[in-house]
Amino acid sequence: MSRPPIATRADFLWFTEMPTRWMDNDIYGHVNNVQYYSFIDTAVALFLLENGVLDLATSTEVGLVVETQCRYFAPITFPDRLTCGLRCGRLGTSSIRYEIGLFRNAEEQASAEAHFVHVYVARAEQGRTVPLPAKLREAAMRKLLPPAG
């Protein structure tokens, strides 16, 4: 079974930048694997906030993380700058799969690739799924999916 090729910046549609921090490095001198999940979570949260999908205090629907995965290709170290690229891998009725590329400094090839699935629930009773918020569906279709050909 062959693995898909490592993603490049051209494979993603929405980007945000963030610095690495001294505390992100582990004893081996590179960013620890658990920090990648923090970068991924932050990138998705920034997308939601920037697009008016999530209001931290008042949103009645919230996305719960139900699945994640990360593949690592090249080390990232402090003081590298990260660019996180997002695209939508699947847009369902009550869920969305984000695919994320983590790019070190100005490199074109991803240092890591991940996916992150949110299932939307009513904030007040989190045992019941709800449809994706209309603002999220619109933002995902406009900013995370390639134009219909």
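The values are calculated or read from the model by the stated rules, or taken from the named source; none is laboratory data. Since the structure is predicted, the reported quantities are computational estimates derived from the model, not experimental observations. Don't worry about glycine lacking a Cβ; one is built from the backbone with ideal geometry, like all the others, and counts go over all protein chains shown. Heads up: the accessible areas ignore ligands, DNA and RNA and are worked out on the full protein's heavy atoms, side chains in. Shrake-Rupley method; radii C 1.70, N 1.55, O 1.52, S 1.80 Å.
If I filter region 4-24 for residues that are out of contact with any Leu (no Cβ under 9 Å at 6 or more places or on another chain), among the charged types (D, E, K, R), open to solvent by less than 50 Å² (accessible area, probe 1.4 Å) and under 23 Å from residue 146 (Cα atoms), do I get at least one hit?
Yes, that holds for at least one residue.
Which residue pairs have Cβ atoms closer than 8 Å, lie 6 or more positions apart in sequence or on different chains, and pair a first residue in region 112-123 that is over 14 Å from residue 69 (Cβ atoms) with a second residue that is basic (Lys, Arg)?
Sorted first by the residue in region 112-123, then by its partner, the pairs are 121/128; 122/128.
Please determine, by comparing only the residues of region 97-132 that are open to solvent by less than 70 Å² (accessible area, probe 1.4 Å) and polar (S, T, N, Q), which one is farthest from residue 78 (Cα to Cα).
Restricting to residues being open to solvent by less than 70 Å² (accessible area, probe 1.4 Å) and polar (S, T, N, Q), the top hit is 111.
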